[in-house]
Structure formats: C-alpha cells, structure tokens
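Reading through the structure tokens given below for one structure.
The values are calculated or read from the model by the stated rules, or taken from the named source; none is laboratory data. None of these values were measured; they are calculated from a predicted model. Neighbour counts run over all protein chains shown; Cβ positions are idealised from the backbone, glycine included. Side chains included, ligands, DNA and RNA excluded: accessible areas come from the protein's heavy atoms. Shrake-Rupley method; radii C 1.70, N 1.55, O 1.52, S 1.80 Å.
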Amino acid sequence: MNRQIKVLLSVFLIIMLAIVVNLSWVQIFGASKIQGNGFNKRRLVQEYAIQRGDILTADGNQPIARSVDTGAEYRYQREYPMGALFADVSGYDSWKYGRTGLEQSYNDALLGRDSTLTLRSLGNRLLGASKKGNSIVTTIDSRIQRTATEALGKDVGAVVAMDPKTGAVLAMVTNPTYDPNVAVPSPGKDAAANQAQWDAYNADPHRPLFDRAINGLYPPGSSFKVVTGAAALDQGVVTADSPFNCAGKLVVNGFTIYDFGRQTHGNLTFAQAMVVSCNITFAQVGLRLGAPALVNYAQLFGFNKTLPFDLPTTASHIQSAAKMDQVELASASFGQGQDLATPLQMASVASTIANGGVMMQPYLVDAVQDYNGKIIEQNQPKKMRRVIDQQTAGTLTDIMVKVVTSGTGTAAQIDGVDVAGKTGTAEVGNGEPDAWFICFAPAQDPKVAVAVVVENGGEGGVTAAPIARNVLKTALRVLP
Amino acid sequence: MFLGFISVQLAMDGRIMPKQLAVPAVAAAIFIVLHIVMRIFVPSADGLLLPIAAALTFLGLVMIQRLDSKQALYQLIWIAVAAVCFILVIVFERNYESLAQYKYILGLTAIVLLMSTMFIGKEVNGARLWLQIGPMHFQPSELAKVLLVVFLAAFFAEKHELLTVSTHRVLGVPVPELKYFIPLMLMWGVSVAIMIFQKDLGSSLLFFGIFISMLYAATSRKGYVIVGMAMFALGAYLCFLAFAHVQVRFTTWLRPFDPKTIGNKSYQISQSLFALSSGGVSGTGLGLGHPTFIPSVTTDFIFSAIGEELGLLGAAAVVLMYVLMVARGIKVALSHRDDFGKLLAVGLVSIIAIQSFLIMGGVTRLIPLTGITLPFVSYGGSSLFANFILLALLIVLSHRGATTNVTSIRQGAKR
C-alpha cells in the first residue's frame, strides 16, 4: 500500500507544480497581454482614485474644473461649475470619452505625477498625499472671458485676448461651444439625456466640440495687411508717407485684381492706404517687397508652424515663396489667395506690434500648485523672437490708431483711450465674408491685444470691431 | 499576521487603529490554546501540521479583513467554533479506531447530508448547496466529505483484499466480482447526482477525486482508476450535453475574454485573471489593488486576491503551504501500520490536495472553474469547521502513527 501512497504524493506534487507554472504565466509572462484587455477597468479606477487637482481662473482662483467625490467605482469625477464658459480652455476629463484641453495637456500635473521629483513633492508623497493631484492656475480672467462670450453672442466665431507684454492668454472663446459636464456621466445624472446631448454635439454641423480659437483656419483678409505693412516698413521698401495710386484695379500678368467693392481710392500715402484698407496699394506693396520677404516675415510672425502653446494648435498658412507667382503674391499681400490664419495667430500678430516688435510665446497656464496651494511650478513669459524693429512697430501702431480714429475701425473707439486696430473682411467661397478685427490698447502702453473673427459676419469694421471694443473695455477696466 | 493587519489598515484608512488589532490577537490566542491542547493530549503529533494550518488561516483572515472587514469578525467567530471542534476531536477521538465501528452510520449521514440540500436546500449563486437553519447558512457537503472519507477508509480497510482478488476477466483485464463494483457505482452515482441536482461541479469532482485516490491506495489496481475516470468523464460529458451550467463552465474556460460573455458568464474568471495579471511578481501590496472587482472574492476567489496583492511570491507561498501539508499528511499515512489509519490519512490528505487544486487551478484558468472554497483560507463557517475537524483527525493519526511505531520498535528490540 505504501507504494501507491507514494504514487499519490507524486500526483499531488505534479498538479501543485502545474498551478505554479500556470500562475507564473498569468502573473508575469502573459500578464501584459491580459492587462491590455479593454474590459480591464483597473487602470481607469486607479486614475480616478486620485483626487485630480483643480483648474483655476487667474482672477481670484475660481474653479473652472474641480473634482467631486462620487464614492463610486470611478471615485473622483469632474465638475465644471461654470458650464460652457471655459469649455475650450479646460476641455473635459471623462472615463467614457477621454480627455481634451488642459485636462489632457496637463494630465500628469493634475494627477500629481509630474516627473520632477522635488523635495516638496517627495515630502507630500511621504505624507500620504499621493492620492491628491496638483491644481493649475490659468492665465484666463473670468471677467474678460465672460465679456468676450457675451459680445460674440450667437455669432459663429472666436475671440482671443492676450497680454502683449507676456503672451498670457486672457480670454479664449469659441462659439458654438459645449458644456463639458455632459462629457462626464457621473452617478446621479440622467444618463440617457446626457448621451442624447453628447450625440447632438457630435452631429451638429457647426461642430461645438471644435476649438475655433486655436484650430480654426480662416482667410485673414485685410487684417493680414498688418503683416505685409510690417514687412515693407521694416525692409524700408515703403515709409508711412510713400505715395501710391489706386485706380480701383490692377493688372498683374494679364490677371485683373479689383479692390474691395470695386472702389477707387486715387492718390494716397501708404498710411492712408492702411486706414482705408486699399487692396490695390497693398498688392503693389507686396509686388515691390517680393515673395521671399513677405513669406519670411509671415513666418517670423508664426505662420507655417504650429504655435507653441499649452494646447495643441493648428499652424496658420502662407504659400511658400518658391511656389508663389505674381498674382498669388499680390493676393497674399492683402490676406486673400492661400493665406489662412487662426484667431490665436492673429492675436499674436497684434501682440507683437503692441510689444514693440518682440513676439512673446502665448501661454495659458500661469502656475502649478500642490494641494496646499503652494506654487510648485511658475511659468515665466518666454520671448520667442524679435520680428520687426521697435521703430517699425511704432510707425505701424500710429497708422493702426488712425484706422480706429478715422478709418474702417471706428466702431472700436473707446473714450479716452487710444485703440490701435485693423479690420479684415475676408472673401470666402460661400456666403458673406468672414469678419476680422485685430487690435490692442492703450496704443502707447498696451495692456491687451485682441483678435476677433466672425464666420460669414460681413464687414470686419461692422461686425467684429464692436465685439473687440467690448473685450478691450472690460480688459482695461479689470487689468491692473 | 499583525503586520498584515497593520499594513491593511494603513493602506485602506491611512492610519493604525489599535482596537482592531484585537481580531488577530484573538486568532493568535486561539492557535496557542490549540497548540497547548495538542502538546498535552497528543504529544507525539506532527509538529508542522498545526503551524501550516495556522499560517493559512491567518493569511485568510488578513485577506478577509482587507476585502470585507465585517466578514473578518464573523470569520474569527467561525475560527473559535472550529477550534472547539478541533479540541473535542483531539480529546475524545484519540482512539480513532472506534470510528471504524460506526462506518455505515457515518457513510449514511454523509449521503443524507449531501442529499438534504436537494430537497430543502437554498439556492445561492445558481448552486443548491446551502441549508438554512434560522439565520445561519450551513453547507453540508463540507462536513459530508470528511464523514465520507472515514467511511471509505473503514470500508476499504475491511474489503480491499476482496476488491483486489479478480475472479474473471473482461477483455483480458482481470476484474473482481460484480458485487464489489457496487460501492464504485454508488460513488459514481452520488457524484453525478451532485452535479445534476446541486449544479455543483466542484464538489462532484472533489468527491470523485477522493474516492479514486483512496480506491487506488487500497487496491493498487490501475484498472479501477482508469475505469472510474472513464465513467466520470462519460458522466461529465453527458452532463455537458444536457446542462447549460456545465457548458458555461467549459466555454468560459476556453474563451474567458470573449466580448459576448465577458460582461456576464465569464465575468468572474476574466476579473480573476485581470486581478492576477496586475499582481506581477511581488503584488500591488495589501490594500492597494482592486480585488473587490471579483465577485465572491472572500470565498471562491480569495486566491486571486492573494495573487493580486501579494503577487506570484505570495500565491506560490500558499501553494507551497499546501504542498507541505500534503507531504506531512502522506508521511503520517506511511507511518501507520494498520490499513484503516493509512487510508484515513490518505483520504484526508486527498481532500486538502484535490480541493485546493480544484479552486486554485480554477481561478487561474488551469482547469475549468468550479466553485469550492480554498481550505483554511476562504471565508466561511462550514468550510472552517470541516477543515479543522479534518486537521484534528490528521493530527491524532500522526500522534498514533508515531507512538505505535515507537512501541513496535521497542517490542522488536525486546525479542
């Protein structure tokens, strides 16, 4: 009988060994394959076990996004107390639809897992704070943001306001937009209604989930004359007083270019041409300047390259000099042809002029705080490059002030403040032209630069300039 | 164990709560008492069996505390009740031979216990395994398996010579007289009945495994093993064809991640595999994983929780403890001179080995999943109660094995 008992022992040992062998497959060698399965909710649960930090406004640190303890499996979920107002800034953080906006680009900071392990963060971790993320303080001023949203109203378009001296984005509005709370199906919400609203956002032909302010590409129209003018003045091709003649049309290589509305301006100076927005003069300026110089200056202003920013941006576009013929050069000089720009790009153009020709890198996040409110990372304004001489910037500013006092931009006038601006009325393939206005104020010591675009809005001076004026007024009132 | 409790508290609540350390303190005290009782009444008993059982029980208690702290208190009460039974067995059943006299009563009791749930049982999680007495739930198959082992040990000890003698041949294989096949048929019938009426594949496999092991040890006839396994396989196959719940076990074993079933039928096994895979070598740490995603994690799936939070090292340590316990049990069987003692030890060891294999293999997808408890570790009164009686019997056997050997050697020396 003992022999059989020993056989049994061997059988038992073999089956136990089989368990360990199989277990090492499941736990080690085959583990990553099993873990990668989409039905494994462990990774999500671990992320949502962390109390994600807040996203705050620059004024008084009001929460744009905050975490709510739902007590559910995905424990901390997002709440956006101001609804759609900051949707394009914060984006959303949703276990169902993923992340966008700052929620995406600052995810590691919000979850408190920055790679920079400072003494403080190590200390916080040892004190058991590893389940609390860091907060980020944006550069957005809620008052300017609110004014911009109200001023834009029902118009489809975007507004970007910047501090020209630092590049800090003070307001960033796109319309139509969406309520990021809808992206978060947290417990207690009407799941069906939420889903219906989310589907409606996705089906809407106006694409409310699309951020026009940084990704919308529009022909800049006459607002691009600032770029052409800056290049021509900086290269010494023209001065403010250079004489030009507008016969209402210009024949280039057998192709006739007409002025906007087939107007005829007659004899005028370069400065006057900017004030009345004469396309014929700017076509001549562009031809005199040459394609390489025009394209070079546009690229110095940021065209043909994605602007470095806290959110992913789309690059504004100008044709390469080698491919540009004379007709295309003439059209490109007044912002038509193949020129395309984002509102953020045009706000940067206005800011650069306002800042004496030095382009600052636009940014959206001022600081990262730990859960105690201690700043652990302070963003410093970054100088990108000098685009034009200070003198050129001054000349251009003077001309842009005249645009508002006596030209196409009179709707942007503010009592007691010199506003420098430029209108744009960009012809588009279908319907009314897109309306642009770019500006900054006060002209002598600029505190804020603004770019406004209204899709199919008609004339820039009529539709876009009043919106910009409201934003400027609020900014000048609230900024120190 | 104290370390385990403290780390669970730190991980779950972020602080130490000294009051709650009363649970491990009481558990430790219980095992110290058991050890003392053992030293007094059965001083020559195997010194490793109780510590291994204690280690497994403590590990179970720590895991249950981590998974569902309310259940930990109940588990402690069950440990205390089981410990009393352990002491009763040690004190009153030191002459285990007397058990052989009641073999038919015990066997009948086992059958009655098993059958009882078919008529007055309560169905939980799709299996009819439970008897409800007042507020208490009792799983009679747990106790039945121990009683059945006692019966089979006594029966085989008496009849194994008859079973070994073959009187005629079938297809060239020597086969004993047909009437000795009756117990074989009976056990087969009981196992299949459990599978059909109680929808409990685990217990069915366990009973049949125990039976085959003991039959083989008693008769040394491989023919029995082969015939028995073939019969069981046939029964299982017929059940597979006839019953959906058996089919589900197989399909979820083959394809646990099938998107069609992962949300329902294969939810448990897939969650178990996710848990194990996130454990890696050293685990997530106690209280830092998510084993609570697995349904019935404190009972059937406690091994997956151990695998997730203590890693391959922790899980392999558990397997090693069962190996040690089985090895010590086999040593006890070998030390005995009388057939009843030998077979009883073999049967008890088989319970530990087969039951732990079935559930550990099931939750790791080595074999199809069958819902039974992990001995000493899983939450549950019936299971602890039965396993402590089993342990006490094994310890009594080890004591007797050691002492009879000593006396027989002395007697031999005298001659």
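Note on the range A:330-451: dipole from Cβ charges, positive end direction compared against A:Gln444, A:Gly357, A:Met400; the farthest Cα belongs to A:Gly357. This model, with +1 at the C-beta of Lys and Arg and -1 at the C-beta of Asp and Glu, gives chain A a dipole about its Cα centre of some 1860 debye.
Only Cα pairs under 8 Å and 6+ residues apart enter the sum, and on that basis the relative contact order of chain A stands at 15 percent. In this assembly, the B-A interface accounts for approximately 3800 Å² of buried accessible surface in total, computed with a 1.4 Å probe and without ligands, DNA or RNA.
With the cut-off at 1.5 for a/c, could you classify the range B:215-295 from its C-alpha gyration tensor as rounded, prolate or oblate? It comes out oblate by the Cα gyration axes. Normalised size of the protein assembly as shown, defined as Cα radius of gyration per 2.2 N^0.38 Å with N residues, equals 1.42. Summed over the residues of the protein assembly as shown and divided among them, the accessible surface reaches 41 Å² per residue at a probe radius of 1.4 Å. Sorted on the mean count of surrounding Cβ atoms within 10 Å across their residues, most packed first, peptides A:431-437, A:441-447, B:63-69, B:240-246 read A:431-437, B:63-69, A:441-447, B:240-246. The mean number of partner chain beta-carbon atoms within 10 angstrom of a residue's beta-carbon across peptide B:23-31 is 0. Model label sites at B:Ser116 and B:His245, defined 7 Å from Cα along the beta-carbon direction, differ in position by 2.0 nm. Distance from the C-alpha centroid of the range A:239-271 to that of the range A:31-54: 63 Å, rounded to the whole angstrom. Between the range A:402-480 and the range B:335-383, the alpha-carbon centres lie 83 Å apart. Spin-label model, A:Asp59/B:Ala317: points 7 Å from Cα along the beta carbon direction are separated by 6.0 nm. Computed from the Cβ-Cβ distance with R0 of 25 Å, the FRET efficiency linking B:Lys260 to A:Arg43 stands at 0.60. Projecting the Cα positions of A:Thr269, A:Thr314, A:Pro343 onto the charge dipole of chain A (unit charges on Cβ atoms of Lys, Arg, Asp and Glu, taken about the Cα centre) puts A:Thr314 furthest along the positive direction.
For peptide A:27-39, the mean count of partner chain Cβ atoms within 10 Å of a residue's Cβ comes to 6.
For the range A:62-106 versus the range B:37-96, the inter-centroid distance based on Cα atoms is 51 Å.
Ligands, DNA and RNA left out, the accessible area of the range A:274-416 computed with a 1.4 Å probe is 47% carbon and sulfur.
Within the accessible surface of the range A:1-74, defined with a 1.4 Å probe on protein heavy atoms only, the carbon and sulfur portion equals 60 percent.
In a reduced charge model with +1 at each Lys and Arg Cβ and -1 at each Asp and Glu Cβ, the protein assembly as shown shows a dipole moment near 4120 debye about its Cα centre. In the protein assembly as shown, with Lys and Arg counted as +1 and Asp and Glu as -1 at Cβ, which of these residues, A:Leu9, B:His399, A:Asn37, has the Cα nearest the positive end of the dipole, that is, farthest along it? Of A:Leu9, B:His399, A:Asn37, it is B:His399.
Once you average over the residues of B:359-368, how many Cβ atoms of partner chains fall within 10 Å of each Cβ? That average works out to 4.
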